[in-house]
1. Could you go through region 80-92 and let me know if any residue there is within 46 Å of the chain's Cα centre (by Cα), at pLDDT 75 or above and among the basic types (Lys, Arg).
2. For region 268-319, enumerate the residues that are of a type in the set (D, E, K, R), in a loop (DSSP other than H, G, I, E, B) and either within 15 Å of the ligand (Cβ to nearest atom) or over 32 Å from the mean Cα position of the chain (by Cα) (or both).
3. What residue, among those in region 176-210 that are of a type in the set (Phe, Trp, Tyr) and modelled with pLDDT of 80 or more, is farthest from Tyr271 (Cα to Cα)?
Amino acid sequence: MIDAVLYARLSMAEEGECASIARQIADGRDLAEQLGCRIIEVCIDQGVSAYKARRRPGFDRVLELVRGGVVGIVLGWHFDRLCRSMVELEKLIEAAEQKSVMIHTVNAGPLDLSTSAGRMVARILGSVARQESEHHAERRRRANDDRATRGEWVSSRRPFGYLHDGTLNPLEALAIRESTRDVLEGKSVRQVAREWNSRGLITTFAGRQWQPTSVRRVLLNPRNAALRVHRGEIVGIGNWQPIITRGEHEALVALLADPARRPIGPFEKKYQGSGVYQCGICESVVKIHITNRRQSYVCPSYHVRRHQAKLDDYVDSRILHFLSRDADSPKYYLRSIDVSRLEVDQELLRSRLDEAAAMFADGKIDRHQLSHATSKIRSKLVQLNAQVQLAKLTGGAVNGSVSLLHLEEAWRRVPAEARGTIIRQTMKVSIKNAPKGQRGFNPEFVEIAWRDESCKMKEASE
Ligand SMILES: [Zn+2]
């Protein structure tokens, strides 16, 4: 009995258009039975494109078995399954000829490559297969060009935020919309990746976890703004629903392309008190110092030093207590902060981003100017955002809808940078010099002064 190797191949693009791997193998086994040969190995290449220059481990293994004289016959489904290029065909012919190995396919029958007639038929079949495949690729490319010109949805793989047919995936679209605004308002892409992972969102690529790079790629996809990209160029406006505006997209491109933004560290403030709390002696704002996994707030002239987490906890407890009281203090903030006006301001700034983007698109300003304009608008948005957050927190407290516990949760969700802004607007935190020998954190050596006189009085009369 002759030993045979059975080879099957299916590329990703061919799925649904070609006989499945299972079908190819089942037919191959029937063929082996008819011919009375024994299949000693089945070699498969799946998800490998016919003409992209990638390795085909299955085909390489077939060559190895033929060259080593291990098999006397190669079984396949169709000749076009066997060889993807004339180079491969020649390799197979050469190996088969030397070892007098037969090729037998379900669709094209036997080929004796040891005879010149057999080799000629193989070359003809090979070139026909090649031409059909090229024709197919060309047809697909033309169809995509047509669709792109008409602004229709084209996608080989489901993009995050959308379904296969181009309608929105509501949960993912919301994540893109929120995070785009968050990033424009100062949140880091790294932080977004952390949040998406903790919210259980997964990538559309093999269900992998989010990394800053994959989040960045998703957020920067022009498709989110219904911009049609074809062969790497924006070719027009698509007819599907956008998740973000074109202005937001352009601003994000300018922001994330901003080289100053790249090293995430200095721009992502992890500590609310850095640049906010003050030295009790020289009044300079303190900076964070990290040594051996211990973080401290330190005066630039080293007058004072305080444990970061303990000081933050203390400041948080004071401000949360202050905000949660349904007495006059939160009302003071509601009076002084008009949320609806702030939200109008936010919209105004966002439309400025749109304007800047439009000017960039019209060639009236260059990318550098766009980047400059958007970074200015962005820092204003950070400030506004902090105020809105604060107003909403206190507003909820006034209505009695927010318990201290909820307020605490909400407070933790406010980005550290915005928390710092809220703290700066509400109170002055001074770190006083603790006497020598003072061990551990003692709130006695932290002075908190409320920015508003009436609040200070409230505190005093408590
Ligand atoms: Zn100092």
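The values are calculated or read from the model by the stated rules, or taken from the named source; none is laboratory data. What you are looking at is a predicted structure, and each value in this text was computed from that prediction instead of being measured. Neighbour counts run over all protein chains shown; Cβ positions are idealised from the backbone, glycine included.
1. Yes, region 80-92 contains a residue that is within 46 Å of the chain's Cα centre (by Cα), at pLDDT 75 or above and among the basic types (Lys, Arg).
2. Across region 268-319, the qualifying residue is only Glu283.
3. Trp210
To keep it simple, each residue is scored yes or no on (1) in contact (Cβ under 8 Å) with a residue 40 or more places away in the chain; (2) surrounded by 15 or more Cβ atoms within 10 Å (Cβ to Cβ).
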| position | (1), (2) |
| --- | --- |
| Asp145 | yes, no |
| Asn169 | no, yes |
| Glu172 | no, yes |
| Arg177 | yes, yes |
| Thr180 | yes, yes |
| Gln191 | yes, yes |
| Thr204 | yes, yes |
| Val215 | no, yes |
| Pro242 | no, yes |
